[in-house]
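Asks: Questions regarding the structure given below will be posed in turn.
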Amino acid sequence: MEAVIKQFGQPDQDEVQVWSAFINRIRPVRPDDTERAAENLRVLKRLLRRREDLKEQVRDAVIRLFRQRKVVSLYVSSGLLPSSGFFSESARRLSDKLLPEVIDTHYMRGVIGACFHKVSDEVWVNAVPDEVWVDFINVLFDPTVSEIDRRDRNRLPDPVSEIIEALRMLSYHVSSIGLDPELVRIDPTLEEHESPFLAQNAELVGFLANYKAWWLEEGSETDDEKHLGVMLDQCEDVVLRIRRRAAKMGTSLSLTFKLERLHQHLDRIGVLLELLLQLRAERNINSIAPQITHLFKELIRAECRKNKLSDYWSKNVELLSLRMTESASKTGERYITSSRSEYFGILRSAALGGVIIALMATLKVVLSWQGFAPLNAALAFCLNYGIGFALIHILGGTVATKQPAMTANAIAASIGEVRGKHRDLDNLVELITRTVRSQLGAILGNVGVAVPMAILIGWLIYLGSGTHFVTPDEAHRMLGEVSPFSGALLFAAIAGVCLFLSGLIAGYYDNLSAYGRIPQRLLQLRWPRRTFGEARMNRVAAYVESNLGALAGNFFFGFLLGGVTALGVLFGLPLDIRHIAFSSAYVGHALISLEFGLPLQLAALSLLGVLLIGMVNLTVSFSLTLSVAMRARRITFAQSQELISLIFQRLLRAPRDFFLPPPRDSKPTEQLDESKVDENEPTLGEKSDQAQRI
């Protein structure tokens, strides 16, 4: 390390390369070896304390770095979303990952990229405790000699000047983003009153001019920053308000991108403004060492992740995912029964679904006999599934496996409202109990009707034609496909993924309906109003508003199921799906074809296979949906063990509640759901952001 430090300031040395070698001496071999990185810094700190000449060389090198390199671009762009848009930025990151951009070391951003060139550098830099970095800064800049000189009346110190210029640029960016028509569309009140985004700019520009005059002119007074703080807080309040409204009115990737960009700019203004305010109180570098450390870690993390696509996408899709899962959570509440009448209602709707599924399974067998070309066969199967599932929804039926994608979102919404109180956990246990009971009732309705309906269809065909609907060989093939030893569970997991995706699709179209105002635009069409009348068109628009997502989710679910087999044929892979309701219908056809003459072992395997297929369908779709819903809400549930314990206690104490409806209708137990949350209260993620700002 001593040899590297002595190279600073040498005329024949590239100082950026020296800095890179300097960081190499601190960097641990493994990025997660935090202790080694911290110890390297402590060793360096002890060396600088012993050798005043070395300390002076490092300090002078830091000062030259800020004098000779342009720092503004680092403050106003690193870690902040650009104005290019979601897809343009995605393309840039992908291209830069494949073919790295040229590093321009005339800019501080390029120097950081050259010195912290490993993607893993952000791991150890951020893992080293703040106090270690602060101690290093305090040793490097001795408080007795690090007083920032104000005697030069002609110019500001370079670091201060760069911060002031960065704040001015960030303020103009905030004004531009805050007046975007898409934000005004969501919150029209921005046009009715003076925009806080414009007000903060005027206030901040005035504050910076006054700050500069205070620094250059001895004895001049500074403006109070409290009014500026109020303006910035109002900007944050507007961002939170738009996010809440977008959760109800619908959102888009573009809107999400702009809101996130606006929030990041306001955060960066707060960080840089804190530096200036602290320097005004104490004009030495040591007074702002903690703030410098925080900003340094943030910038290193941003530069190391600047081309990371997964990190970028997760930030921008979060609000869109929240909107989609919130829509599904409201739908899921309808599938969670509280009373005896509601339970039998779900049972009747599931029975209707079982009837239609048996007909769909029969039609699929007929279509498989037609000898279509592979593409035509795949399209026929997709349409059979898609139209059938959509018809079930239109007629008021229920598909049991569609429930987890909806009920998981409702449970996630309830978990988001738990604040650690035992009473809240008790209510959550009650919600889960009712969910399990409702789910089992729906499965009973689907399977309990699909099997006898398939048997009835096969018997009627036998009476009419004198031959069984399927041959004995086909019947054995159908039974073999549901055997747990035939790969059925893997195919059931694939169907579970399709169920999960269909839930996201349903949420997406619900969001599209709200954001694009599809029902209201339908009413703008003149010829349907003339043809069908105003009253009918109003009913159509109301139906579309409430059911567009469900219809799209069911229809595309059919195409997902049919498309899996088509992909298998296209790529020569053994891909297929297993769905509990269809599998049970095929078992019904096989039973009537074999005239109920199944060996006991085959019958037991078929029954076990159907049950396991259903369990895998539900488990995969539920777990995936719950994971996405909780992540979209930024929920981390630390009481899972206590919750599981309470569920088992409830199962042992009252097992009937998990399987059978209440003995009589009573007032439903209070349910934790998002409808109880004040629409003006920030979401959990927003509260987290507020806490960080505080």
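Asks: Where does each of C498, C304 land when they are ranked from fewest to most other beta-carbon atoms within 10 angstrom?
Replies: C304, C498
Asks: Karplus couplings for the range 430-440 from phi (6.51 cos²θ - 1.76 cosθ + 1.60, θ = phi - 60°), rounded to Hz, Gly and Pro as x?
Replies: Karplus values, whole Hz, x for Gly and Pro: 4, 5, 5, 4, 5, 5, 4, 4, 5, 5, 5.
Asks: Would you report the distance distribution of C-alpha pairs in the range 492-543 as whole percents per 5 angstrom bin, up to the bin with the largest distance?
Replies: 5, 18, 19, 14, 12, 11, 9, 7, 4, 1
Asks: Continuing with this model, one more query. Check which residues have an amide H placed less than 5 Å from Y107's amide H, if you skip close sequence neighbours.
Replies: Distant-sequence amide H within range of Y107: K70.
Asks: For the range 1-147, with equal point scatterers placed on the C-alpha atoms only and solvent neglected, what are the log10 I(q)/I(0) values from the Debye formula at q = 0.08, 0.15, 0.17, 0.22 1/Å, to two decimals?
Replies: Evaluating at q = 0.08, 0.15, 0.17, 0.22 Å⁻¹ gives log10 I(q)/I(0) of -0.27, -0.91, -1.13, -1.57.
Asks: So if each residue of separation counts as 0.36 nm, and I subtract the Cα-Cα distance between S465 and L65, what length gain in nm does that give?
Replies: 134.9 nm
Asks: While we're on this one: Among D32, D267, what is the fewest-to-most ranking by other Cβ atoms within 10 Å?
Replies: D32, D267
Asks: Still on this model: Once all Cα-Cα distances of the range 151-283 are split into 5 Å bins that start at 0, what whole-number percent is in each one?
Replies: All Cα pairs, binned at 5 Å, distribute as 2, 10, 20, 21, 16, 11, 8, 6, 4, 2, 1, 0 percent.
Asks: Next question, about the same structure. For the range 607-621, what does the Karplus curve 6.51 cos²θ - 1.76 cosθ + 1.60, with θ = phi - 60°, yield as ³J(HN,Hα) per residue in whole Hz, taken in order and with x for Gly and Pro?
Replies: 5, 4, x, 4, 5, 5, 4, x, 5, 5, 3, 5, 5, 5, 5
Asks: Moving on to the next point. Using 0.36 nm per residue of separation minus the Cα-Cα distance, give me the extension gain between D237 and D96 in nm, one decimal.
Replies: 47.2 nm
A short reminder: the numbers here are calculations on the coordinates, not readings from a lab. Here the structure is a predicted model, which is why all the values come from computation and not from measurement. Counting neighbours? That spans all protein chains shown, and the Cβs are built from the backbone with ideal geometry, glycine included.
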